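Each reported figure results from applying straightforward, stated rules to the coordinates on display, with no laboratory input. All of these numbers come straight from a predicted model, not from anything done at the bench. All Cβ positions, glycine included, derive from the backbone under ideal geometry; neighbour counts span all protein chains shown.
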Ligand SMILES: Nc1ncnc2c1ncn2[C@@H]1O[C@H](COP(=O)(O)OP(=O)(O)O)[C@@H](O)[C@H]1O
Ligand SMILES: [Mg+2]
């Protein structure tokens with residue numbers, strides 16, 4: 001997907017970072033927060049359609065914005081923006097876990113179990129809090 005997205009009020013989209021399974025991700029600036037860098041996922045319009053999608057979005061967007069944990073990227077906004085449905089989050093820099101795994105596989109050197117345990121624990125802590133967020 002290669003979207004031409006114009007006119008997002010709060011977020012200024014910069015370059016495209018990636019194409020995910022559910023949409024295109026852009027680096028962006030949050031105009032409501034002194035142009036702080038962020039990431040904006042523009043949901044594929046083919047997926048962002050229908051009554052069921054609307055129901056889930058309306059129910060879960062406020063929960064996503066309310067959820068805060070130091071091990072999870074903050075959700076700044078989730079919902080409609082003009083013709084598009086977007087999810088804006090804190091911008092993460094660095095390498096994804098997927099990249100680490102692929103790199104270690106290419107070198108035939110598994111990630112150290114201590115590191116895997118550490119990362120797993122940090123993820124579980126964030127997920128646990130997510131389950132307890134009303
Ligand atoms: N908050 C973010 N900061 C930086 N890069 C991001 C962010 N969110 C997503 N990305 C990039 O976009 C890719 C796809 O994101 P993902 O959330 O998996 O999208 P999808 O759910 O559509 O598959 C990630 O692997 C990462 O490279
Ligand atoms: Mg993905």
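I'd like to know if segment 84-99 contains one or more residues that are out of contact with any helix residue (DSSP H, G or I) (no Cβ under 7 Å at 6 or more places or on another chain) and away from ligand 1 (no atom under 13 Å from the Cβ).
yes
As an exercise: evaluate residue 49 against (1) within 16 Å of ligand 2 (Cβ to nearest atom); (2) without any contact (Cβ under 8 Å) to a residue 24 or more places away in the chain and give the number of the one condition it does not meet.
Only one criterion is unmet by residue 49, namely (1).
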